[in-house]
Structure formats: C-alpha cells, structure tokens
1. Are there any pairs, at least 6 apart or on different chains, whose C-beta atoms fall under 6 Å, with the first in the stretch A:76-94 and at the interface with chain B (Cβ under 9 Å from one of its Cβ atoms) and the second aromatic (Phe, Trp, Tyr), and if so, which?
2. For residue B:180, only one of the following conditions fails: (1) of a type in the set (Asp, Glu); (2) in contact (Cβ under 8 Å) with a residue 60 or more places away in the chain; (3) within 10 Å of another protein chain (Cβ to nearest Cβ). What is its number?
3. From the list B:406, B:420, B:435, which one is within 13 Å of ligand 2 (Cβ to nearest atom) and on the phi < 0 side of the Ramachandran plot?
4. Which of the following residues is farther than 25 Å from residue B:404 by Cβ and open to solvent by less than 10 Å² (accessible area, probe 1.4 Å): B:117, B:95?
5. When residues of the stretch B:109-135 are filtered for being touching a residue at least 12 places away in the same chain (Cβ under 8 Å) and among the acidic types (Asp, Glu), how many remain?
6. Go through the stretch A:109-152 and give me each residue that's in contact (Cβ under 8 Å) with a residue 40 or more places away in the chain, closer than 16 Å to residue A:162 by Cβ and more than 24 Å from the chain's Cα centre (by Cα).
7. Would the stretch A:102-111 turn up any residue that is within 14 Å of chain B (Cβ to nearest Cβ) and either outside any strand (DSSP E or B) or surrounded by 16 or more Cβ atoms within 10 Å (Cβ to Cβ) (or both)?
8. Taking the stretch A:41-60, which residues are closer than 19 Å to residue A:100 by Cβ and crowded, with 18+ Cβ neighbours inside 10 Å?
Amino acid sequence: MVKKLERVLRIYPKEDEQEFTISILCENKPGVTANVSNLISRRGFNITSFIGASTQTEDVYKIIIKLMATPTGLKGIVKQIAKLINIIEVRNSFNEEFLEYEMLLVKLKYSIEKHGDILQVVNHYNGEIVDLHEGSITIAFNGTPEKVETIFALIKPFGCLDVVKSGIAVMRKYEDDGADC
Amino acid sequence: MAKMMGADILLKVLTNQGVSTIFGYPGGATLPIYDRLEDYNIRHILVRHEQAAAHMADGYARVSGEVGVCLATSGPGATNLVTGIATAYLDSSPIVVITGQVERRFLGTDAFQEVDIVGITIPITKHNQHIMSAADITPALKTAFLLAKSGRPGPVLLDIPKDVLTEETEYDPDIEATLEGYNPIIAGHGGQIKKAANLLMSAKSPVIVVGGGVIRSGATDEVVELSELLSAPVMTTLMGKSAIPQSVEHYLGMIGMHGTKQAMDALKSADVIFAVGARFGDRAVLSYDKFSNLAKFVQIDIDPAEIEKTIKVDIPIVGDAKNILTKLIERLKGDDSIKERKRELVKRGIELYEFDEGMSIPSIIEILSGMEGDYIVATDVGRHQIWAARYYNSAGLGTGMFLTSGGLGTMGFGLPASIGAKVAYPDKKVVLITGDGSFMMNIQELATSSQHNIPVVVIIMNDHHLGMIRQLQDTFYDGKYIECTFPDNVDFVEVARGMGLDGVKVTDINDVKGAIEKGLESDSTFVIDCIIDSQQNIPYQSYDK
Ligand SMILES: Cc1ncc(C[n+]2csc(CCOP(=O)(O)OP(=O)(O)O)c2C)c(N)n1
Ligand SMILES: [Mg+2]
C-alpha cells in the first residue's frame, strides 16, 4: 500500500510549485477569460503570463497561460477549465512539449552618444527600431523567453522608459498525425 | 415569421421547455415579463424574499429531477439570490435563474439597481451569460435548460437587460444553440469497467459508498443489485441519504464525522471502497490521511474534475452511474464464481435512538421515523439536521426524498425547499425538520405558503440555541458559550397565526406524535414548536475507536 499521506492530494500539498503552461482553445464568447482566470485564482495559484488571440478558425480563440502551480494543482485546474462550457480543448506542458516565443518592446533613453552601443545590441539580436524620437528610441525584439531575458538584461543599463512583453506564445512541438489547420 | 417581444419569447420558450411553475419576485427590470405573464400557462409563486425563490426552485428540482426556475429583478433582487444559487451549485441541483438587468445603454454606468450579477456568480454557476439581444433569448434559454440538467447538473444564470425584454424580434422556436466544447461523458470506459469488475471479484470485503450522484443518475436499483451480487454493505454520504431504500438490510447508514458506527467499522475492515457519485468531501471523509489508506478505491463520477480531486483512486471511471453500473453488473454476472462468493453480510439492525422521557431532538425524529410515511423530508442546518440524517431511518423514505443543504450548509434552506418540493409533488406530504435558528432565516415564507396554499408540516426543534455552535464551543472552546443562545422571546405558533396559519407548542414528548398527525391532516402549513429540554451533543466518529 502507498505510504501514509501519499494518497492525499491537494489538501496536504507536499509538492513544490513550478511553472506550467496551459493552452486553451475556446469559443470567442464574453466571459470566457474571466471564467478561466477565476478558476485559477480561487485555487490560490498565480498567473505569470496570460495572452489571448484569435486563431485560424473563425470565432475560435486561443488563450495561453503560464502559471506557478503544483503538478496536482495543475491537473485539477486543467480538468476544471475543460469543464467550462465554452472551452473546446485544453492542453498543458505537463504531458507535452511546447515551443515558446515572446516579443519585447522597450523604450530607451536616447542620445547621440549612446547610438553606437544601442545599435550593437539591436543588430546582434535582430531587433527592430520601431520609433525614434528626440530623447527616446523604441525597439522590438523577438525570441524564446530565455533570449528575451538576456536581451533585457543587456539593454536595461541604457535606461528604460517603458517595457512591454507580449506574454509567451506557445505552440505544441509535435502535431497529431493528420492534423490540419 | 411573427415578430414578438423579448418577454414573450422568454415565456414562450419556458412553456415549451415544460416549465409550469416559476418562483419569483418582481422589480423594475423584470416588469416586462410580469406584464405578459397572464397570457401564458405558467404559475408564478410570489415569494417574500428572492433567496427563497432560489431555494424553492432548488427543492423543486431535487425531488422532481426537472429544472426549477426562479426569477428576480436586477441589483438587490439578483444579489438576494446568491446564497440560493451557491446552495444549488454545491449540491449539483439543476436550476435556471433569470435576472433582470438595467437597459443596455446603462450597462457599466452604475445605474440604479445595476450589479454585475454575471461576474458575481461566475464561481457558483455551471454556466452564466448576459443576453444582449432578443434574438439570443431562444438559443440561450434552450442551452440553459440543457446545461442545467445534463452531465453533472447545476445552476445556470441568464441576465437580461430590460430593453432586451421589450425589443421585438422574429421568434423562431427551432433555433438550436451550438455547444462545441460541451460533451458530458455518459458511458464509462470499457477497460476501466473491466478493471473494476476484476478488483471487485477478488475483493474479500468490498463496501459501497453512495453519494448524491446516485439520486441524480437514478441508479438506485443498480446499486442495490450490485450490493446483493457482491454481498457488499452500502453506506451513504449526507447527500446520498435517500439514494437507496432504507429498508435494505445491509444498508449501514451514513459515513463521516457524524456517521454510524456500523458504517465506520465496515469502512475500516474493507479492502475495496467502491464510491458512486460521491465526491469524498471533507465532512464525509473525516480524515483524508486515514481514509485514503483504508483500502483500494474505485470512484465513479460523471464529472472528470471530481476524480482524484482530493484523494488518489486506484480505478476511476468517468460517466453516468446508472450506465456504468449496468455494464459492471452484466460483467460480474457473466462470471460464474460470483455465485460462490456469497458472504456473511453485516446487517445494520437499524440503529434506534435510546428513547428518553424528555423532549430531545433524536427522540422526536425517532417518533416521526416510526410513523413510516412516504413523506418528503427536508431539514435545515445544525444539530437537528445531523440528528435527522442519523435517525430518520423510516422505510417509507422514497428515492431522493430527503432534502438537505449538504455542501453549503445553508441555514434557511429548509422552508423554501419544502415549499418547492410540495409544488413538484402536491400529493405528497412534506415534513420539515428545522431549528429555531434556521427557521428564522426564511420564516417570511410562511406567508408565501399561506397565500398559495402550499402546506408543509414544520417541526421546529426549539432548543433556544444555535445548537451546533454550542456543540462546537463545547468541544473545541472549553464549553465557553458565546452568542449561541436565544432568549425565549419568539412565539413561533403566534408568528404562524399572524401569517394566516396555525400550529401548536409541544412541551411533552407524549404529545409529539399527535401534533405531527394533526399537521399531516391539516390542509395548510402547520407549525409544531417543540420545546427541547436537552442540549445533547451529536457523537463524533473516529477511525481510532
Ligand atoms: C447562513 C448560515 N449562517 C451561519 C451558519 C453557521 N451555523 C451552522 S449550524 C448553526 C446553528 C443552527 O441553529 P439551529 O437552526 O437552531 O439548529 P440547531 O443546531 O440548534 O439544531 C450555525 C449558526 C450556517 N450554517 N448558515
Ligand atoms: Mg436551535
């Protein structure tokens, strides 16, 4: 028989929280987002990234959530989300691999003296200058979350006026056979 | 196609869904519905507080298995429903809740009587929705009924702005709503059923634990058949009470904190615990660490999210209980060895309360139980509720005819739920076992029962205490009683008389039976104020004894 307490889930959590990703396909109906985030927050887990956008199918929406949770907690959340009426499909990083991609938009303090240094980072990481004003420059970078983090560390010393991350977009690494968009 | 007003469409669709009664209370935002009501064959029960309307719809739904409908206006009308909706949600009762809302152009402006009831009820509804045009009423309402009663039942709320109710649009009764992501699993997985059958065949002392899901699924006969086949005793959770006939000899009563000793002993000596439609709630399980190590577990539930929510199970089966049990029984019967496995069965020999001479709650329940009527019995919440669950062992109790707020433990549930149940079954007698605290929480519904002539026999266990609170203070706070006592300042019989009803005060245990008989004969609600003179605590169960 399983050792004492090991069969008890959630009520006495012994597991550590870790970061998981949930990818949700849902109908584009009002309230879906509120329903999903409510389910997560009422169970005491914290969302670290949340994005939602349309898909190749009309009226079908994709929501991608990164959150800190225990593995057991994650399983519970996924089942509860799947139960919501307007949800079509829920996948999670516990049982499959996801590719991750993110965009970083930064506005830096700009002066002609810094031009060369800034441009070096931009060129090296394939950044795109979105806007250039007197006193400020806005640049977009793309990449894996790890890469974006590195870029951000490099660029921060230039003096950030504003920063926006897109949130992490994910896609399953492998599609089931015969799957078609 | 004929043009119709939103309010007419609403009433028309309700009629088409077979709704004959709605429980409600009017307000500015719902007046367009009230204005059209008389043209439809729908009985409106005018309550005295919206909370009661939700409980009535709930009581109606629990006994009939049909969707109960309640209606309230925007703002305070809607917020008054909240406790009732949560009560239905936690006990998986199918109700459709309709709330009025301010006109579309005022949404989000904090207009008079505007609250975001859809936002408020997200966590306590199976589904909820704003209806933003009259054309959406038909599909939304059809969906609401489908969702409320299919799969795991639960409350569905629709919020309708006033100007949607007066908007004219073409009425097409055949519009169907699409629900792409909603496919409740009904049939159990064949492989899992086979595994469960094998485990049961090899089990030495399997036991069956039955929850409210068996009532919702209508799986009573299958549970009884399975228990006979396996010679396995059956026990229930609080919500499972009345899921199987109490006359079944190897029915051992209730498990959990205040369950029976027989149930506890059987659980402790079991090698397989076979749970059907029971969600292993904390009060039923008593101690998760001890419970989860008792035996191997099979869990049948229609809601995948209930599987392994709290404890690990060895064989989970998602699906409808009746469906799964039928297949399981078929499989077991196909195995010849099942017939040789007849075991000596533990028989309960119904646990009787050791009758005392005084006015005690269990004695009164024993008297009611001994009358063996096929009453619908409702309770409120407190010590009287648990005493009732323990000692109301009447063989007359029909399937699903014991109404109690198990999940939320809502004081004030009893009277309105009884009224709702009586509306569903006008030919059955409804008996409410309530407490002096709980009854006061929806006492105004005596006026509703009097106006609409919906008779209920009310037995108040009047211990001049919030008895359950007193018990908790006794057990966990060294008997320091704070704010759990009521002075003798209410005459319940006079209150009943003041609302056009009658009753009697009983102070001698020998008068109890006569008073109940009088209540049962009465053609209006009859209030029996039983003055309790003992403060006896309910025993606690433990896995250690
Ligand atoms: C609405 C609500 N408020 C508070 C409680 C907490 N509570 C549980 S039992 C109880 C006492 C109930 O008193 P009474 O109805 O007289 O029943 P008794 O225990 O005396 O039989 C209270 C206050 C509750 N369950 N519901
Ligand atoms: Mg009391």
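The values are calculated or read from the model by the stated rules, or taken from the named source; none is laboratory data. None of these values were measured; they are calculated from a predicted model. Virtual Cβ from ideal backbone geometry, glycine too; neighbours counted across all protein chains shown. Please note that ligands, DNA and RNA were not included when accessible areas were found on the heavy atoms of the full protein model with its side chains. Shrake-Rupley method; radii C 1.70, N 1.55, O 1.52, S 1.80 Å.
1. That search, which allows pairs on different chains as well, returns A:85/B:182.
2. Against the list (1) of a type in the set (Asp, Glu); (2) in contact (Cβ under 8 Å) with a residue 60 or more places away in the chain; (3) within 10 Å of another protein chain (Cβ to nearest Cβ), residue B:180 comes up short only on (2).
3. Details: B:406 fails: within 13 Å of ligand 2 (Cβ to nearest atom); B:420 fails: within 13 Å of ligand 2 (Cβ to nearest atom).
Being within 13 Å of ligand 2 (Cβ to nearest atom) and on the phi < 0 side of the Ramachandran plot holds for just one of B:406, B:420, B:435, which is B:435.
4. Numbers: B:95 fails: farther than 25 Å from residue B:404 by Cβ.
It is B:117.
5. From the stretch B:109-135, those touching a residue at least 12 places away in the same chain (Cβ under 8 Å) are B:112-115, B:117-118, B:120-121, B:124-135; that's our starting set.
Now restrict to residues that are among the acidic types (Asp, Glu): B:114.
Of the residues in the stretch B:109-135, 1 are touching a residue at least 12 places away in the same chain (Cβ under 8 Å) and among the acidic types (Asp, Glu).
6. If the condition is that a residue be in contact (Cβ under 8 Å) with a residue 40 or more places away in the chain, closer than 16 Å to residue A:162 by Cβ and more than 24 Å from the chain's Cα centre (by Cα), then A:109, A:118 are the ones that fit.
7. At the first step, the residues of the stretch A:102-111 found to be within 14 Å of chain B (Cβ to nearest Cβ) are none.
No, the stretch A:102-111 contains no residue that is within 14 Å of chain B (Cβ to nearest Cβ) and either outside any strand (DSSP E or B) or surrounded by 16 or more Cβ atoms within 10 Å (Cβ to Cβ) (or both).
8. If we filter the stretch A:41-60 for residues that are closer than 19 Å to residue A:100 by Cβ, which is where we start, we get A:46-53, A:55.
A:49 - this is the single residue of the stretch A:41-60 that is closer than 19 Å to residue A:100 by Cβ and crowded, with 18+ Cβ neighbours inside 10 Å.
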